[in-house]
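The structure under discussion appears below in the form of structure tokens.
What follows is calculated from the coordinates using simple rules that are stated; it is not laboratory data. Keep in mind that this is a model prediction, so the values were computed, not measured. Quick reminder, even Gly has a Cβ in these numbers, built from the backbone with ideal geometry, and neighbours come from all protein chains shown.
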Amino acid sequence: MPPFRIPTGARRDRVTGSQVYGFVKCEHSVWLDFHGDPAERLPHSAAVERLLEHGRDHEDQIVGTLDYREPAYPVGKFAEGADQTRGLLEEGVLGVSQGVLFEPPFLGIPDLLRRVDGASDLGDWHYVVGDVKSSWRPRSDQALQVSFYSELLGRLQGREPPYGFLILRDGSEERFSVADLRPVLKEVLSELDELLAGESRPHHSWACRECGWRDTCSSDPDVHWIPGLTRSEKRLIAAMGLGGLAQLAAVHTDDRKMEGSVVSEATLERARAGARALIDREAVRVRPPRVPDLMHPLQAGVAYRDGFDRRLLVLARRSLGGTTVVHRIERAEDEDAAVLAFAGELAEGGTVLHSGSLVRAIRERAIDRPETWGRLEALDLRALDLMGLVRGAWVFPAPVSLPTDALAWFEGRAPATEDRLALYADERDFAGLEELARSELDALDQLADRVVGVPQ
Amino acid sequence: MTPDNRIDVGQLRQRLRAWVAHESMSSRRALEETWAQSVAERVDGGYCAAGLRLASARNGSFAFDCREFAAKFREGEPLYLGGGTDIDAGWPVTFLGYDVATGRVRVAPDRFESREPMKPEPGEEYCLDRRGLGLERLLLEGLDSVFHKENAHTIEALTGRLGLALDDARHAAALAHGQQIGFTPAQSEALARATATEGLCLIQGPPGTGKTRVLAEAAVLLARRGCRLFVTGLTHRAVHNVLLAVRAIEPRVPVFKVGSRNRAEGLEGSGIATVRNLEHFAFPEGASIVGGTPFAVRRFSADRRFHFVLLDEAGQMPVVHGAIAMTQARRWVVVGDPKQLRPVFEGEGRDPLLARSLYSYLEDFGEGVLLDRTFRMNETLAGFASREFYEDRLDSADSARERELALVDGGPLRDILDPKKPLVIARVDHEGRRRRSPEEAELIVELVRTLRQHHAIPASEIAIIAPFRSQVRLLRYELERQSLFTPDLVVDTVERMQGQEREVVILSMSASDRDYLERQAHFYFDPGRLNVSLTRARTKCIVVGSRHAFRARPHDLEHLLAAARFKRLCLTAPNVIVEDDRRDRAALVGVTRRLSSPPPAAHVRPDEDVASGQG
């Protein structure tokens, strides 16, 4: 492992796989884990707790089928846990769950250590690392976390694991080469080392919504808290002396500060609008929305993808000012019929307004059903991503995904922070999701009025 | 081949038809969105050539002077010639090509679509815009042929039900022939399988491995046995390359090209006759070789079969096009490389079975022969490609292995141009750039100046590749400003370099905004694009870029693994850091600092931040 120094006075004395995972998602959150005041960190919301609970259930379900051993050690005594883990590996057990890999300051507790053939310091065998995840697709942060564990394991057993693996939501196993990601891991650790030794600024993104540090990050907003800018853009704008919101909100593009700058006029316009949005706590328009010709009758659709058991797909259809119909699926084999039914019930020739995921969600469901494709082609032509259009024309004080979020900001109030989809995703009676769908459709209606009514 | 690989015939037919419909719809939509843009936006995107002035009209085609041509048009592409607005009111034409030497664009009226005679006015300025391929009808017609009841063999091949039998006697004879003409063992084996196959033969041809020559030799051997052959590829140029290679080996076998005279560029004086279409063509007795795109044979005819179909560039050919071509025979030699550029598709949410090339599709049913010796690249350049894309199976041929860039003594930028470093990273550490980098352009201009003026490397042996058209235009502009740009100096995106090679290739990474690159990961870090970019050079490849480009970490694992390849490039090739001193231009060429050679792989460390650069 590269040299790593936990700064004096830091609130933690270890770097864990979770921090590697967290660093890839948000560097500043990890900096706060080490330097922030733990009392300021907000507890998990009910939605996050539900997500974590599902993750644990999924892990238990997977691990429960394996005949793996688990080290038993007093809480927090990781050195002891590491010794026990080493003992199990030297014994050549089939596998270890929640094994401890400890090389201070690095600590790893991977879900799975699986025995495979091939000589190592342990014997004629060695181990590879895996983690159980509740996502449907493998992500970089997950893979780098496993790479981190693999690095520790490689040093323990005297042999680099050839691959790491992720067990995904559907039980499938995604493998990747540890060697391929090694340079990336080392760079991550080097950057983390550098970050912890210095200062850090937040980067406002989708991940902030459920983060325990969100109040800390938003308490003293500057250019770094403006959503929609890249980290490079924020650094460059700050380097121009325009880091403060008031300064940025007042800048002109012909300001001398712009001379020779890498930051484009368009970016600076957007940043200025973002500063205004944060100061005034409302949406700020940056340009007229590009509204195509809308075909009447207008209809609105909302799609929610993927409950934890993947049986849930709620689609809503509504003619503007008309009634709402909510389709819901009880079993996987009904999904295709529901997709066909939904696509078919949309009246011919009307624009279908949606909030960004409708067509994609339907297409993914129908990918193995060629008989549905003709109808889906027609839907594709008539679908208008209203949220995409809104996000292109307005800047908001926070990232927005749902129509209710955007509408809240237009009305000068902050939207709910909790991810209600996570709360309702596996409800059996659908009551919560149905209520959510109706409120999103109401919001789409109102946004459509607002957007279409805006002078070009 | 296992039962698990097989595909249901009915479902395949449905999926192919749906694919054609989806691509067609997506193409129309994309076209309409493009037409809605301004001329400047369309030019910027490569969808339009503007400022054309009539230069000549001859033999039914028109030539226009075009000072700056950066459009992505392909030969044979349907376009509109007009004033730039009201695009579909323009004259429908076919793009014949752009002559770099004369700076002229050639087009021909599309006689099937023309509503009135084409009469461009001298002195007027015109624009060329995309018209849309409008291939749906042709492709659906071709699919009817594919699933014709008498076409069982093609269907078996496409659904994984075909065996890979070989004729032993033909195999042995061809193997001996290959050895006799100096082929490598892999080339001989590929030649042998191609001539001996009683079904499907796949040949994977990495860069510079001589796949066109192998295909041509196979065609000649089969022709000498009295076979009738159909040679096809996605473009007329690909077909011409094979036909000309055949003609160079064997002048006696009748060779024909299907298509109009306008599509026969490069065949003049070759002895290859042009045939309007196959339907009224009388095949000569005995052997003959006919070349054409798949559309030349879209209408099935049981009595006009060939003994073999030879498909080139199958790594870029969509499945449906290949399927149509395959209807012409019961034996197929399919040549391509799925590790280079892939087919371009318009539609999103595509059918995963068909959203790939013909070669990749057929590989599901059996592995091909790999041509494992490159005659183009020296050992270092071949080595990186071999490790990253070909599982260490590609080697440099003896004739190429020790190649070095021939430089004279002295001269600036020696650390970067050092012939002992065939692959080098020239680090220009800017930040926040998305599609163009003046910093990189500045260095590249100095590199070109030094190569051409100090070392007398001809412009025709230098190529500069950038991922974005914005950077391409900036580079051309800067080179022109310094009187260094000539028509034979290629400055373009990687698509233009497919199939070509140069002594020196400079790759301009252009971007340095990590978050932006993470969103563009599917394009920027595409392995095929990197492979083609790095394997055009014979002796020297210079990668110019910022450290931030090498540090992007896309969210999707697949893209992260692709980005990790760029990182390995940065870590394994020597890095030369160019310090940016804008106050003193001379300092740019004099002040470089070289990191020590990269340490052994077991102790690779991320590159340290030794230069502060911008941002």
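I need the shape label for segment B:379-581. Rule: rounded when a/c is under 1.5, else prolate if a/b > b/c, else oblate, with a, b, c from the alpha carbon gyration tensor.
Oblate shape, in that a/c is at least 1.5 and b/c is the bigger or equal ratio.
Could you calculate the contour length gain from A:VAL116 to A:ASP170, that is, 0.36 nm times the residue separation minus the distance between their Cα atoms, to one decimal place in nm?
17.1 nm
Under the Karplus relation 6.51 cos²θ - 1.76 cosθ + 1.60, θ = phi - 60°, what is the ordered set of whole-Hz ³J(HN,Hα) values for segment B:217-230, x standing for Gly and Pro?
Each residue of segment B:217-230 in turn: 4, 4, 4, 5, 4, 5, 4, 5, 8, x, 7, 9, 10, 10 Hz.
How large is ³J(HN,Hα), in whole Hz, for each residue of segment B:166-175 in order, when computed from phi with the Karplus curve 6.51 cos²θ - 1.76 cosθ + 1.60 and θ = phi - 60°, using x for Gly and Pro?
Each residue's phi maps through the Karplus curve to give 10, 8, 4, 5, 5, 4, 4, 5, 5, 4 Hz.
About the Cα centre, and with charges only on the beta carbon of Lys, Arg (+1) and Asp, Glu (-1), how big is the dipole of segment A:221-280? Nearest 20 debye, please.
180
When only C-alpha pairs under 8 Å and at least 6 residues apart count, what is the relative contact order of segment A:1-149, in percent?
It comes to 24 percent, rounded to a whole number.
Can you list residues whose amide H is under 5 Å from A:HIS203's amide H, if they're 5+ apart or on another chain and H is modeled 1.01 Å from N?
When sequence neighbours closer than 5 places are left aside, the close amide H contacts are A:HIS28.
What does the C-alpha gyration tensor say about the overall shape of chain A? Classify as rounded when a/c is under 1.5, otherwise prolate if a/b is larger than b/c, or oblate.
Oblate shape, in that a/c is at least 1.5 and b/c is the bigger or equal ratio.
Quick query: amide H of B:ALA426 versus all other amide H atoms, modeled in the peptide plane; which residues come in under 5 Å with a sequence gap of 5 or more or a different chain?
So B:ALA426 has HN proximity to B:VAL543, B:VAL544, B:GLY545, B:VAL576.
Hey, any idea what Rg/Rh is for the protein assembly as shown, computing Rh the Kirkwood way over Cα pairs?
0.96
For the charge dipole of segment A:15-197, defined by +1 on Lys and Arg C-beta atoms and -1 on Asp and Glu C-beta atoms about the Cα centroid, which residue among A:LEU112, A:LEU32, A:LEU168 has the Cα displaced farthest towards the positive pole?
The residue sitting most towards the positive pole is A:LEU168.
Each residue of segment B:445-457 in order: what ³J(HN,Hα) in whole Hz does its phi give by Karplus 6.51 cos²θ - 1.76 cosθ + 1.60, θ = phi - 60°, with x for Gly and Pro?
4, 5, 5, 5, 4, 5, 5, 7, 8, 8, 9, 6, 7
Picking from B:TRP332, B:VAL344, B:GLY266, whose Cα lies most toward the positive end of the charge dipole for segment B:136-371 (charges on Cβ: Lys, Arg +1; Asp, Glu -1)?
In segment B:136-371, that residue is B:GLY266.
For segment B:136-371, what does the convex hull of the Cα positions come to per residue, in cubic angstrom?
Residue-normalised Cα hull volume stands at 124 Å³.
Which entries of B:LYS211/B:LYS420; B:LYS211/B:LYS339; B:LYS211/B:LYS421; B:LYS257/B:LYS339; A:LYS25/A:LYS186; B:LYS421/B:LYS567 have Cα-Cα distances beyond 21 Å here?
In this structure, B:LYS211/B:LYS420; B:LYS211/B:LYS421; B:LYS257/B:LYS339 lie more than 21 Å apart at Cα.
Can you give the relative contact order of chain B as a percent, counting alpha carbon pairs under 8 Å and 6+ residues apart?
12
Normalising by the residue count of segment A:221-280, find the relative contact order in percent from Cα pairs under 8 Å and 6+ residues apart.
Computed over segment A:221-280, the figure is 44 percent.
What is the set of long-range amide H partners of B:TRP332 at a cut-off below 5 Å, with H atoms built 1.01 Å from backbone N?
Result for B:TRP332 returns B:GLY199, B:LEU200, B:CYS201, B:VAL309.
At a Cα cut-off below 26 Å, give the lysines reachable from B:LYS119, other chains included and same-chain residues fewer than 8 away excluded.
The qualifying lysines are B:LYS72.
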